[in-house]
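A.B. asks: For reference, the structure I am asking about is given below.
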Amino acid sequence: MALAGRVAWITGAGSGIGLAGARELAAAGAKVVMSGRRAAVLEREAAAIPGAEIEPLDVGDRAAVARVADAILARHGRIDILVNSAGLNTPNRFWRDQTTDGYEEVVRINLHGTFYCVHAVLPSMRARRDGLIVNIASWAGRHVMALVGPAYNAAKHAVVALTETINIEEGANNIRACAICPGEVATPILERRPVPPSPQERAKMLQPEDLGRTIRWVAEQPPHVCVNEILLSP
């Protein structure tokens, strides 16, 4: 149990990559705390993960993020691993149809939410001189994609840059950060595409379990190893 005694906080944990990451980290021995916007979904999924806890949360609400982080620290005294997996896109995502409200929603969750969660855990990690942050970015965080639109491209590029600033500034405090940049993954976010892909198309994509194993692999690296970025595709 390589992660026994470690506390992992996963956002976007109700489905997709976040849920797969929670399952894998728990299987490796970590105590997982699962956050997401749908409490009923979290409760159902957490029931199948030994020892899992839930903290319903909209990561775009910075005050709520701080409250949840404080609650986890009060219960466990530490957050060893943060996995920022909460993310979304809008069906109207191109310059021709994207509204300013849609743009702001994408940036609020994908970028601001990531920042708020990192900001909330860094002080305790810094005090303990230990911690791992895994940010789920995207292939669109490294290569601009026509399919996802300007807001998502911009937000995920920013997440990759934000991740590396953690390593630059906090590496001296033994805090490591990794940006995982997957290509197409068969997750529920695909339902928000203008034309959702078929089951046959989804079968050819990366699967959430592939990303769950990737998250676990990063978390199981020894403290002197920093995996700065992983780019993977179907």
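The values are calculated or read from the model by the stated rules, or taken from the named source; none is laboratory data. Bear in mind the structure is a predicted one, so any value in this text is a computation, not a measurement. Neighbour counts are summed over all protein chains in view; Cβ atoms, including those assigned to glycine, are modelled from backbone coordinates with ideal geometry. Each accessible area value is taken on the protein alone, full model and side chains, heavy atoms only, with ligands, DNA and RNA left out. Shrake-Rupley method; radii C 1.70, N 1.55, O 1.52, S 1.80 Å.
A.B. asks: Could you give the dipole magnitude of the chain about its Cα centre, charging the beta-carbon of Lys and Arg +1 and that of Asp and Glu -1, in debye to the nearest 20?
C.D. replies: Roughly 160 debye, rounded to the nearest 20.
A.B. asks: Points 7 angstrom from Cα along the Cβ direction at Ala39 and His119: gap in nanometres?
C.D. replies: 2.6 nm
A.B. asks: Another question, if that's okay. If one puts a single equal scatterer on every Cα of segment 137-232 and applies the Debye formula without solvent, what log₁₀ I(q)/I(0) results at q = 0.14 Å⁻¹?
C.D. replies: Log-scaled intensity ratios, in q order: -0.59.
A.B. asks: At a 10 angstrom cut-off on C-beta neighbours, averaged per residue, how do the peptides 58-68, 113-123 rank from highest to lowest?
C.D. replies: 113-123, 58-68
A.B. asks: For a quick protection proxy, order the peptides 90-101, 31-42 by their average other-Cβ count within 10 Å, most packed first.
C.D. replies: 31-42, 90-101
A.B. asks: Right, something else. Taking all protein chains in place and a 1.4 Å probe, what share, in percent, of the accessible surface of the chain do carbon and sulfur account for?
C.D. replies: 55 percent
A.B. asks: Quick one: accessible area per residue over the chain, 1.4 Å probe, rounded to a whole number of Å²?
C.D. replies: Here the per-residue accessible area is 44 Å².
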